[in-house]
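Below is one structure, written out as structure tokens; the observations come after it.
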Amino acid sequence: MAYDVLVLGAGIIGCSVAYHLAQMGRLRVCVLERASQIGAGSTGKATGGFRCQYSTPINVRLSLMAREKLLRFQEETGVDPEYRPYGYLFVASTEAQMQTLREAIAAQREAGLTESREVSVAEIEALNPALYTGDLIGGTFCPLDGFTRPMKILQGYYEAAQRLGVEFRFGVGEAQVWREGDRARGAILANGERIEAGAVVNAAGAWAGVVAQQAGVSLPVQPLKRQVGITRPFSELPETMPMSVDVNDGFHLRVRDGRVLLLYPHALRHEHTFETDFEREWLDAMRERAHYRVPCLRNAEMDIENSWAGLYEMSPDKHAILGEAPELRGFYLVNGSSGHGVMHAPALGELLTRLILGMELPFDIAPLRPTRFAEGMLNRDTGVL
Ligand SMILES: Cc1cc2nc3c(=O)[nH]c(=O)nc-3n(C[C@H](O)[C@H](O)[C@H](O)COP(=O)(O)OP(=O)(O)OC[C@H]3O[C@@H](n4cnc5c(N)ncnc54)[C@H](O)[C@@H]3O)c2cc1C
């Protein structure tokens, strides 16, 4: 057999998995990517937010594990992931929203995160003086949260994996799982070439559901279009501003390289699509929210040509799906991160490797098991993003 494991997809998840398999298991790994280079899917579209503030213990544990690994990342791979803990600031206008944030803090404590905290309006004003706070009643803040560079993390795993002997084949077209009975035998490339392996990993991001379906496996992962508006260079907001998230509607913003990145998860004409055309009409609704919550943005000019759209990879409960597919032995799923795949990639790559190698796991990953949908045991996500 040529390879121990084939990984379908060279995004941040596929490269993390490939690296960990080679590093921890000394396995012979080959990554198959339809595009001509790494990061052609969602990874290259991500804005680099990193947070531990989630509403379920499992997501908090993934973030804490990922953070530990990011702190060692440069030493391990040679590339600086540029983790900058400037914080995430969630702001709320109603008691019901505050209650949701408090419940999230309880879940965070359960998972061992002690640094997140409730903040008053006065503290919000100190943490981000640019916010309009007239309608706010409070919020939460965590100083471990902040930013990373998605393409740096991807590059780090890609280069380190190559040094460990992982092979990458780009431009292979839509690779399909080669199935024999109830076992994955390898992959079939678009040109008909068959590559044999002991196991196959689905790391196809928003397209993972399609890859699974072709293999006769049911995987509820759907694409969800998300847009990012970017301003021209704007000096009124500092680079150190925390990611500021309005719980009312999920509007959030950060500063990167002197420009403001604005996200508003509403007002798109087509959300459930694989298309990533940028919808200009969305800018009006987004700008209205931005000008309300951050009045100084009235002075900012949008750089429409460089604004973009990309795809989240949604699972029904907005949590990752991790483990062997129940219907197909040797076919492993690491999918459905639902817009959190960059920040969780370091953890998910190691956890899947531990599963494949039969190694001990640092915590219970049962909440991520692929069978939970059929069992009706979905995670309860109250998070706004
Ligand atoms: C606008 C936006 C902002 C985001 N911001 C954040 C953020 O702040 N923080 C965060 O953690 N996450 C963020 N995300 C989510 C993040 O980008 C994804 O969760 C993450 O990139 C998923 O990584 P992946 O490797 O699974 O998928 P991808 O990066 O999409 O990689 C999948 C790869 O599989 C390839 N592929 C697909 N099908 C096949 C096939 N049949 N054969 C071969 N190759 C195939 C694709 O070409 C692609 O390269 C954001 C996403 C968007 C769109």
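The values are calculated or read from the model by the stated rules, or taken from the named source; none is laboratory data. These numbers come from a predicted model, not from an experiment. Note: ideal-geometry Cβ built from the backbone for every residue, glycine included; neighbour counts use all protein chains shown.
Values for this structure:
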{"item": "Residue check, T94 of a type in the set (S, T, Y) and not assigned by TED's automatic domain parsing to the domain that holds R289", "result": "no"}
{"item": "Given (1) outside the structural domain of G41 (by TED's automatic domain parsing); (2) out of contact with any strand residue (DSSP E or B) (no Cβ under 6 Å at 6 or more places or on another chain); (3) farther than 30 Å from N128 by Cβ, index of the condition A285 fails", "result": "(3)"}
{"item": "Qualifying residue in the range 19-32 (condition: in contact with a Lys or Arg (Cβ under 7 Å, 6 or more places away or on another chain) and near the ligand (Cβ under 7 Å from one of its atoms))", "result": "yes"}
{"item": "Selection from the range 280-307 of residues that are surrounded by 17 or more Cβ atoms within 10 Å (Cβ to Cβ) and of a type outside the set (S, T, N, Q)", "result": "W282, L283, M286, R287, R289, A290, R293, V294, L297, A300, M302"}
{"item": "Qualifying residue in the range 60-77 (condition: among the small types (G, A, S), within 11 Å of the ligand (Cβ to nearest atom) and within 21 Å of P143 (Cα to Cα))", "result": "yes"}
{"item": "Qualifying residue in the range 212-226 (condition: within 12 Å of the ligand (Cβ to nearest atom), under 23 Å from L368 (Cβ atoms), among the β-branched types (V, I, T) and part of a strand (DSSP E or B))", "result": "no"}
{"item": "Among residues of the range 227-254, those that are under 18 Å from R298 (Cβ atoms), of a type in the set (A, V, I, L, M, F, W, C), buried (at least 21 other Cβ atoms within 10 Å of the Cβ) and within 22 Å of the chain's Cα centre (by Cα), counted", "result": "2"}
{"item": "Residue that is within 12 Å of the ligand (Cβ to nearest atom), touching a helix residue (DSSP H, G or I) at 6+ places or on another chain (Cβ under 8 Å) and either modelled with pLDDT under 95 or farther than 18 Å from R163 by Cα (or both), where the choices are G39, G11", "result": "G39"}
